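Bear in mind that the values in this text are calculations on the coordinates, not laboratory data. Keep in mind the model is a prediction, meaning the values are calculated, not measured.
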Amino acid sequence: MNREQKRAMQKAGQLNEDGSQKAPTRERKAAPAQSVKSDRAKPAQFVREVRAELRKVTWPTRDEVIRLSIVVLVTLVIFTALVFALDTVFAEFFRSLLSTGRET
């Protein structure tokens, strides 16, 4: 559940005190009127939350970035050569197929 969903569920009263979801009930309550401005996080709060999320990211090391970049480039070269070879083979096949009926 992301931050926005959690805030919306808190406002709708669908979360317990500890932040876990309440069990669904059969009775339906009217949703409280929500103002658009109150749903938005203040810029300072947004920046704090972004920084907190970025601390959780596992950043690759320099060696990993170099190694994976080389893998991507080698794969790109191999697939480019494969597509070129298939294109050449099919072009020659259709060229020979179309030229068998003609005399040049």
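Residues whose amide H lies under 5 Å from that of LEU15, counting only those 5 or more places away or on a different chain, are LYS22; hydrogens are built 1.01 Å from N in the peptide plane. Answer rounded, prolate or oblate for region 39-104, using the Cα gyration tensor with square roots of eigenvalues a ≥ b ≥ c: rounded when a/c is under 1.5, else prolate when a/b is larger than b/c, else oblate. Oblate.
Expressed in nm to one decimal, what extension gain is obtained for the pair ILE70 and GLN45 from 0.36 nm per residue of sequence separation less their Cα-Cα distance?
Details: separation 25, 0.36 × 25 = 9.00 nm, distance 3.93 nm.
So the chain would gain 5.1 nm between ILE70 and GLN45.
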